[in-house]
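Participant: Quick one: this structure, given as structure tokens, is what I'll be asking you about.
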Amino acid sequence: MRLPPFFGKKRGHRRTGSQAWGSFGEAVFYAALVAAGLCFAGLLLTGAVGIGPESAAPGWMRGWLWIFIWLIPGALLAFGVAGVARTVRDWGKSEERRAAAEGLGTLLESMGQSPAAQHPFPGVPACDDLVNSPGTILRYRLPIESPESWTLVGMGLFAGLWNAVLVVLAVSAGIDIASGRIEWVLLAVLVPFVLIGVTGIVIFIRRLVLTTAVGTTQLEICDHPLLPESSYDVLLAQSGSGMLRSLVLTLEIEEMASFRQGTDTRTERVIVWRDIVKEWTNLEITPGVRFETHVTVAIPAGAMHSFGSGHNAVRWRLVVRGQPERWPGFVRVFPVVVHPAPPAESAAVRHGATADGVPG
Amino acid sequence: MIPHDEGNGTSKPHAPRIGVVFGHPSRQYAPGEELVVRYDVEGVELPAIRAMERTVVWYTEGKGEEDLGVHRFERIDDLAGLAEALPHGTITACLPASPLSYEGVIVKIRWCVRIRLFFVAGRDFVSEHVFEIGAIAPARGVVERVQ
């Protein structure tokens, strides 16, 4: 019997090394988890390890501790059995056969749907979430995908949790001081905790002011999903107050790829195409009266459609970039979905959209 | 043709040779069109084959992990079926509307026909033949890297 090579290489599409040996190693790993889980469970059942009657913990606490202790063999058994079952299921099967079996599940799910509800474009993301909000003037209001909002939520959560811990520590220190004891270690720990807590609140409030001061941005579109070689009426509305040195609306294609690097999963995103739809300069926005304008967005002929799979995506998006006079600039992203062009259909008027061939 | 032996990743002296002829010599198809591929397997005897898989798939290439989508999958593991499918045969499929072939910067989508032979000895051999669906212009380059 030939033993497997110790190191493998990736050569184009394929990897060196035996798939069978790889699956065998995986099965051995999961079987070891099962064995460890069984051993641990056996020790707990026989009373060799665990919480004995001599434990000083009160009765209710002993019950919870037992539950936590049983979580360890339970998790080992669950991971191990699931892994062994998956390895046995996939043993000797080609990647195409495994992928076909996964696709069968999707097919069975779609069988219960009406023909209209079934997705006619495999690999193209559904746009149900993008067409469930009617616009005030045009047909659909596009949802915003603003990284600024998530940053704000993250900062708020951090500031809130950190300062909650700080309050608990401060109350404890205060009780100690009131009772005449001074815990110097606790006080020393409190100083950097207070500095970090105050900095967190300041950064969060600054970000909150920056996000709200420039006003909201709204985009509405006459039709969705979009098609290549077609043009669409888009309403841009910007609220707020003061002067915007520039406001730019662009149409972009973003490629996104997720990959493993060591034990991390990383995502790389690049813009591979950008078209400036319109640019405004020195825009004065009056409080209470939002800036509204209609523009035409054209999807070029021969453009790639939206695509999404497990680790890769091609995403279309409308992006509004603003530069207020007194505040830092902002970027607001509105995802859209572009379908492939119908095979035999010309660039005729579709659903109220006008034909307008625009070079890529 | 990109033949490779997935048994141990090295070329075997007696590896089969699989030749294919596409219905369109340019190997460019429109979405919804019918794909017809004739194949010819040489260098292997029928008793040595345990099973055969004929598939039409798309897969991603580039920076991300590979994703695979199976459009048509056919496994032949009975003697009568193998006798009919070897050494010559035809793969036909009505191509879907998407995803279309795409040459992006960090995401590429390729369509291919794969013929995989499983030997009685336990190893397998796959032959892959790329074709294109649609006529999407390739990406020109990176405009901006998003942080």
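Participant: Stretched out fully, how many nm does the piece from A:VAL165 to A:GLU292 gain, at 0.36 nm a residue minus the Cα gap?
Facilitator: 41.1 nm
Participant: Among A:182-192, A:225-235, what's the highest-first ranking by average C-beta atoms within 10 angstrom per residue?
Facilitator: In decreasing order of mean packing, A:182-192, A:225-235 become A:225-235, A:182-192.
Participant: For chain B, modelled as a Gaussian network with Cα springs under 10 Å, which listed residue fluctuates most, B:SER127, B:SER26, B:SER101?
Facilitator: Maximum among the listed residues: B:SER26.
Participant: While we're looking at this one, here's another question. Quick one: 3J(HN,Hα) in Hz for the range A:229-240, Karplus 6.51/-1.76/1.60 with θ = phi - 60°, rounded, Gly and Pro as x.
Facilitator: Listing the rounded values in order: 6, 9, 10, 9, 7, 10, 9, 10, 10, 10, 9, x Hz.
Participant: Can you check what the net charge comes to around B:PRO138, using other residues whose Cβ is under 14 Å from the Cβ of B:PRO138 (Lys, Arg +1; Asp, Glu -1)?
Facilitator: Local charge sum for B:PRO138: -1.
Participant: List, in order, the whole-Hz ³J(HN,Hα) value for each residue of the range A:78-85 obtained from phi through the Karplus relation with A = 6.51, B = -1.76, C = 1.60 and θ = phi - 60°; use x for Gly and Pro.
Facilitator: After applying 6.51 cos²θ - 1.76 cosθ + 1.60, I find 5, 5, x, 5, 4, x, 4, 4 Hz.
Participant: Find which of A:ALA126, A:SER146, A:ALA170 sits farthest along the positive direction of the dipole of the range A:111-241, computed with +1 on the beta-carbon of Lys and Arg, -1 on that of Asp and Glu, about the Cα centre.
Facilitator: Positive-end residue among those listed: A:ALA170.
Participant: As a test of the formula, what do you get for chain B when each DSSP H run with n ≥ 4 contributes -39,500 (n - 2.57) and the sum is divided by the residue count, at 222 nm and rounded to the nearest 500 deg cm²/dmol?
Facilitator: The per-residue figure over chain B is -1000 deg cm²/dmol.
Participant: Quote the FRET efficiency, to the nearest 0.05, computed for A:VAL198 versus A:VAL153 with a Förster distance R0 of 30 Å and r equal to the Cβ-Cβ distance.
Facilitator: With R0 = 30 Å, the Cβ-Cβ based efficiency is 0.90.
Participant: If you find the alpha carbon centre of the range B:24-81 and of the range A:21-47, how far apart are they in angstrom?
Facilitator: 39
Participant: Please work out the FRET efficiency for the pair B:GLU74 and A:ALA27, using the Cβ-Cβ distance as r and a Förster radius of 22 Å; give the result to the nearest 0.05.
Facilitator: Taking R0 as 22 Å, the efficiency between B:GLU74 and A:ALA27 is 0.20.
Participant: Take B:ARG38, project a point 7 Å from its Cα along the Cβ direction, then tell me which residues of the range B:68-98 have their backbone nitrogen under 13 Å from it.
Facilitator: B:88-91
Participant: A further question follows. Please give the Cα centre distance for the range A:304-337 versus the range A:236-276, rounded to the nearest Å.
Facilitator: First find each Cα centre; the distance between them is then 4 Å.
Bear in mind that the values in this text are calculations on the coordinates, not laboratory data. Note that this is a predicted model, so its numbers are computed, not measured. When we count neighbours, we look across all protein chains shown, and the Cβ atoms used for this are built from the backbone with ideal geometry, even at glycine.
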